[in-house]
Amino acid sequence: MSRVRIRRVKFNSACGSVSNLGSKLQVRFARNFTLIAVLAAGCPASSPLSWAAGGADAAAAPQAHPEVNHKCPPRSDLDAELGKASDWMRQSRYQEAAALVEPLAAMDCDARASLLLAAAFDGLGDGPKAKAVLERAHSAWPSNNSVAASLARAYLAGGGKDQAVKALAHFHGTPETPEQEMEMAVVVYLAAHQLLHAQTIAEADYKYHPSVHSLLLVANTLQLEGRYPDVNRLLAVKRGMYAGSPEFFVTLAESEFEASIYPAARQDLERAISLNPGLYQAHYLLGNVLSKTNDTDGAVAEYRQAIDLAPGQPRTYYQLALVLRSREDHAGERQALEQALAADDHYAPAHCEMGRIVFEEDHRPADAVSHLLSAIQYNPRLEKAYFLLARAYAQLGEKDKSEQMVQRLLTVRKENRPGPADENQDQAAPGRSPTP
């Protein structure tokens, strides 16, 4: 590939792309990541928290502040107190755990105390207090991975992508860094479109925690960079090792699909379905493959199967609508689009396609404008919507608005197709081979 883009934009005859990254990140987070971060910070290996996370390997070296605080209790006493607090956390006795560790956190004796306190506040539903504790701990231990990952999670949950990235400024993957923390760092960097950083951490995760899960995390980051041939090379040699993983074959098939290797994609998706017939993503992607190869009957069947498995996914109804349109089933297309919008009224491609139908087939430009404005509201980079809006406004005699849409279309088109000088400098270098 000569260039790497964060988001590829391509259009078919309707208002969107047949391809969809879908649930790109197949990461597994505990219901309370802050709690898991406590383990990484080094809670006693015998504590219930360590057991709950999957074993004593999560225990790390004591996380005391570099400057010795002579008010701190002896290490053995401190470990005992933290172990007791972790027991209470496991029993959902958050108030008692908070009361026990709050004095220790205030003395900056050990980062684990701050992590446990933040987890206790989180368990009590007091997110602002939990974040404040983590911010204070991060000031005291800026290089502590557990604190950084937990704080980044708190920022990201509140929509603060830039703050989350700053929290990870000193994050460094090591053999002792738990997998959950590395995954959190990858998610943060992807959310901030810092793909090279995401790839670096994902590769470290696979190096130190080799599994099909961490391998697919690397593949996911490469896919988001648009590096589908690299994903195919990376996963092809692992077929035998992960022959029992349906997620492995779905991820591989997605890259094969994007590389237009449709027969291989179909075969791998059918393998995934044979391993897990209830996997929504496999049926959805197989529908895309069959649609591309003009097997419309098969595509419709797969999309309907995917809908049965995940009725709340608007993209499935949308892709079904496009196939029904190709079969000139206009009533079916409208119904599928209505179902897409019922599932998610913010789904821009469905608004765009519905606007096209209302404008071109129903000849109601005023009604079409409503759908098309919703489309660009929910996806400001949807070129087809601006094009249709310019036509609809022109037909309504609103020349100024029509010209405005043409100008916005040209601007968005340029943004969607940046030149070499506009490329994000944080992207992976073209041609770089994946390291796992």
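Since every read-out is calculated from the coordinates, none of them should be taken as a lab result. Owing to the predicted nature of the structure, the values given are computational and were not obtained by experimental measurement. In this analysis, Cβ positions are derived from the backbone assuming ideal geometry, glycine residues included, and neighbour counts consider all displayed protein chains.
Per-residue 3J(HN,Hα) values for segment 120-133, derived from phi via the Karplus relation 6.51 cos²θ - 1.76 cosθ + 1.60 with θ = phi - 60°, read 5, 4, 4, x, 7, x, 9, x, x, 5, 4, 5, 4, 5 Hz in sequence order (x marks Gly and Pro). Under a model in which nothing but the beta-carbon of Lys, Arg (+1) and Asp, Glu (-1) is charged, segment 237-329 shows a dipole of about 120 debye around its Cα centre.
All other residues whose Cβ lies under 15 angstrom from that of Leu320 are scored, Lys and Arg at +1 and Asp and Glu at -1, for a net of -4. The ranking of Ser274, Ser86 from fewest to most other beta carbons within 10 Å of each one's beta carbon is Ser274, Ser86. P(r) for segment 314-426, from all Cα pairs and a bin width of 5 Å, is 2, 13, 19, 20, 17, 12, 9, 4, 2, 0 %, short bins first. Each Lys or Arg adds one and each Asp or Glu subtracts one; over the other residues with Cβ under 15 Å from the Cβ of Leu341, this totals -3.
Using the Cβ-Cβ distance between Asn294 and Glu338 with R0 set to 30 Å, the FRET efficiency works out to roughly 0.70. Each peptide in 98-106, 154-162, 395-403 receives the mean, over its residues, of other Cβ atoms within 10 Å, and ordering these scores from highest gives 98-106, 154-162, 395-403.
Report note on the peptides 305-315, 251-261, 166-176: ranked by the mean count of other C-beta atoms within 10 Å, highest first, their order is 251-261, 305-315, 166-176.
Within the shell defined by Cβ-Cβ distances under 12 Å, the residues around Ala265 carry a net charge of -2, with Lys and Arg each +1 and Asp and Glu each -1.
Fully extending the segment from Lys401 to Asp308 would add 29.3 nm, taking 0.36 nm per residue of separation and subtracting the current Cα-Cα distance. Spatial offset of segment 227-261 relative to segment 283-314 amounts to 20 Å, using the alpha carbon center of each.
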